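Okay, structure first, notes after.
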Amino acid sequence: SENSDKSSAESDSETEVEQVSVYHKLLATLKTSPESESEEEEDEGESEDGESETEMDSEGSQETGEADGGEEDKNDVPELEEAKETAEQTLGQEQADGADTSCDPSHGVIEEFTDVKHESEFSLETNFMEEESGDCNADQRDSNSSQAFSEDPFKQHMDKELEEKEVEKMSMLPKSSSQSKWPRLGQLTFSSTLEKHKTLKADKEVDVKQLYLHKPLESTWPKVNKQFLSSVNKPSDPPFTPLQRELFCIMNTYRDLFYPERNALTNGEEIRHAYCLHALNHVLKANAQVLSNNAKRRDQKPGTDSDDYRDQGLTRPKVLMIVPFRECALRIVHIFISLLEVNDKRKIDVSNKKRFKGEFGSDPEEKPPNLKRPEDYEAVFAGNIDDHFRIGVAILQKSMRLYAPFYSSDIIIASPLGMRTVIGAEGEKKRDFDFLSSIEILIIDQADIYLMQNWEHVLHLMKHINRLPLDSHGVDFSRVRMLNLNNWSKYYRQTLLFSALQDPQINSIFNKHCFNYVGQVAVRNVPLSGSISHVVVQLPHVFRRLEAENLTSVIETRFQFFIDKVLPEYRDAIMSHTLIYVPSYFDYVRLRNYFKKEELNFTHICEYTKKAGVCRARRLFLKGEKQFLLFTERFHFYKRYTIKGIRNLIFYELPTYSHFYSEICNMMKATDSGVDATWTCTVLYSKYDAQKLAAVVGIDRTAQMLQSKKNVHLFVTGEN
């Protein structure tokens, strides 16, 4: 139910404390005695608005002149409630997805497919290092060479034993930070709570052998990454682009990384290849260590102390990759396969590959041929854009297993919604998040898209990652690392966060949910020129500043400022054809209700408006039969329709994506009226919108506007 989080928060918290204490009793049977600290429950109400579950259709927009006989949706609130109910039903039904997390077929609900046939072949506990692969010898060389042992970043990071004082320091003290400028990434901020580590410098040249890549990756990476390298590159040149070289240099030190300049058109695939290399390298090293220790344990004499073979977490999954669409998961798996195949003769065995392509691939003929959208839209929404999925991937030497049960997987690839339906909500009987207990690398790619889906799912995931499991799941405790037994997994987890923009909500994930003891690196470049320079119509821009006492009062202050000072100027019939751009759906509902109450002549379009209602609203607005058009950002994100007939623009709040500002302004050129002089554009902003403002007008103008409390008038010509 909607209020399940609040109603069951107290009882659920008590249950969890009791379960965790039982778990600690189990741990007490070991030689160690970890402190029995139950994790605090953050009982924040989950906003189950069902927004992300509403799948946007990809049909082409009808011309505004078409007769459609459709009716404008009279009330979006019932529609939103239906979306909520659908989402809740989905959450309830999808709890049977223990198919991913447990192979229990006892309940009668139809489960999604998981591969249970190859369980023994991909079991880490019962397999050994293959002698013919040569990896066993490599492992022996590593163990004999103390230098190699100490310099491998994987071993350095995972074998580091934190002291309780250091853990207390990380949880109590603020982070110290320093600045550095790199050739390609630009301005970097390094932060850490523990003693300052040596300053990380960008490597101008990278020798693949010095990166400590696992054996097959040294030879396959140059071939896989060849598409991004210059055609004039020599075989001796490093197999990384300048961006990849600097990103991987940071990734390979196991620091957290936030890169807010990912672009689906330009560098998106470069970045995807870089983090796939890092994730696969980590998994192969971790599994090789386990298989090597299996052989050593098999050959050791009975009665020998086996405490030297702590090489696992409490559960097997090591890497969690969060991506927005199935197409992204498809590309990641293809990269993994390419990196594991040494040559055409030595193909790796991939279980369930045909099924995977069928479920995650797309049919090119499904896309309407007449769609004309911006290039960035085509890049983001390429392929299968279903946002509800999850898949486990197990990798063992020369084989890959797709659709592995989560507790038998090394890598989990999922969308936020796919994770949400497995984790469930407090108070639900069928929920599971134990498989997230020992995640060592968390990769969140295209984080900006989750702002357009449902950010609550990301927050929900972050609350349930690296918590002590409620069940042992058959783990051999003599093989579990002490960091996991001490519940210190979150201090060893590396988080890689990639986004197309800087946003306070994304920043909060990096600042409040990442505790890596090695430290963090964030790219903090400021935009020199804003998207306003891409406006091609001659248009006066008026930026009106509103004064808010604090961040929590901005929403109310903005609404009052709009209805008291801005809206009265547009009530006159002369100010017709006014489009009001509203980024937040909740602000949109509030404005729509106010307009209805005041009986204003308006129409509205949001992400839940049906196609017939959209066409009707666009036609009425073009003909001037409706003076105002309320228009949500998420509708523009998913549809990118051109709205004709705009003469006056009001940005109720600055857009999340800066290029949306110029796109909306440039829609005015579609108006064939010859009244350019009467066009207006008004923007509301506060001092808390500094990041969004800089992305629109540039950093220099932003500094001036934030210092001055007066309204700012800018006139942009087509050449500016």
### Message
If S351 satisfies all but one of (1) in contact with a Gly (Cβ under 6 Å, 6 or more places away or on another chain); (2) at pLDDT below 95, what's the number of the condition it fails?
### Response
(1)
### Summary
Here the residues within the stretch 565-614 that are on the phi < 0 side of the Ramachandran plot, of a type in the set (D, E) and open to solvent by 30 Å² or more (accessible area, probe 1.4 Å) are E569, D572, E598
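For every residue, the table says whether it meets (1) touching a residue at least 60 places away in the same chain (Cβ under 8 Å); (2) not hydrophobic (A, V, I, L, M, F, W, C).
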| position | (1), (2) |
| --- | --- |
| Y585 | yes, yes |
| L622 | yes, no |
| L630 | no, no |
| K687 | yes, yes |
### Message
Please go through the stretch 690-701 and give me each residue that is in contact (Cβ under 8 Å) with a residue 24 or more places away in the chain and either buried (at least 21 other Cβ atoms within 10 Å of the Cβ) or among the aliphatic types (A, V, I, L, M) (or both), ordered by number.
### Response
K692, L693, A694, A695, V696, V697, I699
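Could you run through the stretch 360-371 and say how many residues are at pLDDT below 95 and either out of contact with any Asp or Glu (no Cβ under 9 Å at 6 or more places or on another chain) or in a helix (DSSP H, G or I) (or both)? Don't jump to the end; show me each part of the working.
Here is the first cut: in the stretch 360-371, the ones at pLDDT below 95 are 361-371.
Pick out the ones that are also either out of contact with any Asp or Glu (no Cβ under 9 Å at 6 or more places or on another chain) or in a helix (DSSP H, G or I) (or both) and you get 363-367, 369-370.
Final tally of qualifying residues: 7.
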### Task
Scan the stretch 247-271 residue by residue and report those that are open to solvent by less than 10 Å² (accessible area, probe 1.4 Å), under 19 Å from L501 (Cα atoms) and assigned to a helix (DSSP H, G or I).
L247, G268, I271
### Query
Of all residues in the stretch 426-445, which are closer than 23 Å to F325 by Cα and either open to solvent by less than 10 Å² (accessible area, probe 1.4 Å) or of a type in the set (G, A, S) (or both)?
F435, L436, I439, I441, L442, I443, I444, D445
### Flag for R640 being surrounded by fewer than 21 Cβ atoms within 10 Å (Cβ to Cβ), touching a Phe, Trp or Tyr at 6+ places or on another chain (Cβ under 7 Å) and closer than 26 Å to N263 by Cβ
yes
### Summary
Here the residues within the stretch 316-351 that are open to solvent by 60 Å² or more (accessible area, probe 1.4 Å) and in contact (Cβ under 8 Å) with a residue 60 or more places away in the chain are R331
### Query
In the stretch 228-268, how many residues are modelled with pLDDT of 90 or more and more than 18 Å from Q446 (Cβ to Cβ)?
13
### Summary
For helices (runs of 4 or more DSSP H) lying entirely in the stretch 84-197, having 2 or more residues that are at pLDDT below 90 and open to solvent by less than 30 Å² (accessible area, probe 1.4 Å) picks out 98-101, 135-144
### Message
Whether any residue in the stretch 357-378 is in contact with a helix residue (DSSP H, G or I) (Cβ under 7 Å, 6 or more places away or on another chain) and aliphatic (A, V, I, L, M) is what I want to check.
### Response
no
### Message
Here are the criteria: (1) open to solvent by less than 20 Å² (accessible area, probe 1.4 Å); (2) without any contact (Cβ under 8 Å) to a residue 40 or more places away in the chain. Tell me which single one Y661 does not satisfy.
### Response
(2)
### Message
Given the criterion hydrophobic (A, V, I, L, M, F, W, C), open to solvent by 30 Å² or more (accessible area, probe 1.4 Å) and in contact with a helix residue (DSSP H, G or I) (Cβ under 6 Å, 6 or more places away or on another chain), identify the matching residue among L470, L459, L497, L483.
### Response
L470
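Of the residues K398, K354, which is under 30 Å from A295 (Cβ atoms) and open to solvent by 40 Å² or more (accessible area, probe 1.4 Å)?
Numbers: K354 fails: under 30 Å from A295 (Cβ atoms).
Among K398, K354, only K398 is under 30 Å from A295 (Cβ atoms) and open to solvent by 40 Å² or more (accessible area, probe 1.4 Å).
The values are calculated or read from the model by the stated rules, or taken from the named source; none is laboratory data. Keep in mind that this is a model prediction, so the values were computed, not measured. Note: ideal-geometry Cβ built from the backbone for every residue, glycine included; neighbour counts use all protein chains shown. The area values use the complete protein model at the heavy-atom level, side chains included, leaving out ligands, DNA and RNA. Shrake-Rupley method; radii C 1.70, N 1.55, O 1.52, S 1.80 Å.
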